[in-house]
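Here's the structure we're looking at; comments come further down.
FYI, it's all coordinate maths here, none of it is from the lab. Computed from a prediction, not measured in an experiment: that's the story for all the values here. All Cβ positions, even for glycine, are placed from backbone atoms using ideal geometry, and neighbour counts span all protein chains on display.
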Amino acid sequence: MRARGAFAAWVVAGALAAAVGHAESVWRWRLPRGMPEPPVPADNPMSARKVELGRRLFYDTRLSSTGAYACASCHQQARAFSDGRARALGATGELHSRSAMALANVAYNVRFGWDDPEIASLEAQALIPMLNKAPIELGVAGNEARILEALRRDRFYAREFPRAFPGAARGFDLAHVRNAIAAFERTLISGGSAYDRAVYGDERGALTPAARRGLALFSSNDLACSECHGGPTLGGADASFHNTGLFNLDGQGAYPLAGQGLFARSRVPADMGRFRAPSLRNIALSAPYMHDGSVATLRDVLAHYARGGRNARAADGAAPGTRGPHQSERVRGFSLSVEDEAALLAFLEALTDEAFVTDARFSNPLAAAPRASAAASRVSSLPDDGAH
């Protein structure tokens with residue numbers, strides 16, 4: 001998922017994206033209060049046609065080796081674009097070693113995936129599930145010609161690709177597919193939760209008293225949750241990776257071979273078990289948790305951090321356990337009463353954006369209309385200014 005920088009660089013990136021030809025049209029963001037304008041790469045500017053094209057591709061099962069799998073198979077709107085599995089399942093039935101990350105507010109990320117610091121744009125990330133062979137996800141690699149030919153025979157795609165990408169007039173390719181999907185994913189912005197209405201909308205009653213108390217605990221120095229889950233995205237947007245103490249298999253901090261975090265690429269011992277902190281937005285909808293789905297509920301997540309990691313204490317909580325040498329110093333444990341736990345859970349549940357997970361702009365256009373019919377008519381009538 002390659003665009004560098006942070007919130008401060010977004011205005012510059014957005015200005016570069018505005019330098020487009022007449023066929024791309026001007027894109028106007030309609031952002032929730034408190035959410036900044038996302039960066040857009042100059043070589044893949046936004047347009048209404050491109051976004052609608054990407055939405056259709058996101059849900060199209062023909063973009064897989066089996067013809068039965070789509071991006072949306074692992075990223076379901078009702079689950080904030082996650083899938084409810086501990087480990088993602090590919091088109092051929094092969095299990096991934098990691099869970100599918102939710103896509104809400106993915107437009108703001110500077111790094112993507114759980115443990116690959118080299119993937120720095122949505123365009124780059126979109127190719128990963130298509131071309132991965134170990135494990136196979138969509139299974140496009142080796143089947144590119146057949147899959148593209150099937151898409152090219154579709155009247156909707158034959159008409160809309162040249163409209164969204166003037167350079168595709170002689171036939172679109174996988175790069176066009178990738179860019180359209182990335183443009184759609186860039187619009188998946190969530191900022192309408194009770195938390196947002198309280199913080200950015202000045203609705204004093206948006207948060208319950210318990211949720212307000214939970215927010216105070218979340219931001220406190222004692223718990224310091226906001227150190228890793230802060231900013232408008234509540235985590236996930238920056239390039240920091242952390243070892244949260246999930247494993248210490250050998251007393252030296254080892255993680256399972258299938259999920260060793262940054263260490264798998266860097267071979268630097270201190271990188272063992274370091275994964276990217278995900279956004280907490282809509283977190284109540286995206287269980288199970290952690291990179292491997294090994295923590296079932298939000299209550300279990302709180303218990304994990306209160307203990308200071310899975311191995312910080314013995315199971316009965318009495319004797320000290322073995323803390324891994326590479327565990328983040330931020331995961332140090334804290335006291336959590338029954339009332340504290342209830343307040344934190346109320347706050348985390350207040351991060352659910354019901355409008356986002358039911359928004360028709362992000363829904364499956366293929367479920368509501370036959371191919372090349374109603375959805376095609378809607379795109380054909382889009383205004384020239386690209387308003388969305």
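Observations on the model:
- For 352, 66, 233, order by how many other beta-carbon atoms lie within 10 Å, fewest first: 66, 352, 233
- For residue 303 and residue 78, the difference between the fully extended length at 0.36 nm per residue and the C-alpha to C-alpha distance is 78.4 nm.
- Net +/- balance of residues flanking residue 266 in space, Cβ distance below 15 Å, scoring K and R +1, D and E -1: +1
- Residue 295 long-range amide H proximity, modeled H, under 5 Å: 289
- Each residue of the stretch 153-170 was assigned a 3J(HN,Hα) from its phi angle through the Karplus expression (A = 6.51, B = -1.76, C = 1.60, θ = phi - 60°), giving 6, 6, 5, 4, 5, 4, 7, 7, 4, x, 6, 7, 10, x, x, 9, 4, 9 Hz with x at Gly and Pro.
- Among 33, 178, the order by Cβ neighbours within 10 angstrom, fewest to most, reads 33, 178.
- Chain lengthening between residue 145 and residue 208 when straightened (0.36 nm per residue, less Cα-Cα): 17.2 nm
- By the count of other C-beta atoms within 10 Å, a proxy for reagent exposure, 69, 200, 59, 195 are ordered fewest to most as 200, 59, 69, 195.
- Environment charge at residue 131 (Cβ cut-off 14 Å; Lys +1, Arg +1, Asp -1, Glu -1): -3
- Computed from the C-beta positions of residue 332 and residue 296 and an R0 of 22 Å, the FRET efficiency is 0.40 to the nearest 0.05.
- Radius 13 Å from Cβ of residue 173, net charge of other residues (Lys, Arg +1; Asp, Glu -1): +1
- Applying 1/(1 + (r/R0)^6) with r as the Cβ-Cβ distance of residue 173 and residue 265 and R0 = 41 angstrom yields a FRET efficiency of 0.90.
- Sorting 244-251, 284-291, 43-50 by their mean Cβ neighbour count within 10 Å, with the most densely packed peptide first, gives 43-50, 284-291, 244-251.
- A cut-off of 5 Å between modelled amide H atoms, ignoring neighbours fewer than 5 places along the same chain, links residue 274 with 262, 263.
- Simple rule: put +1 on each Lys or Arg Cβ and -1 on each Asp or Glu Cβ in the stretch 194-349, find the dipole, and look at 231, 322, 217; the Cα lying farthest toward the positive end is 322.
- DSSP beta bridge pairing in the chain, given as percent antiparallel to the nearest 5: 80 percent
- Euclidean distance between Cα centres, the stretch 211-251 to the stretch 65-125, Å: 22 Å
- The chain - mean residue ellipticity at 222 nm from DSSP helices (-39,500 (n - 2.57) per run, n ≥ 4, rounded to 500): -8500 deg cm²/dmol
- Förster radius 25 Å - calculated FRET efficiency between residue 258 and residue 226, Cβ distance, rounded to 0.05: 0.25
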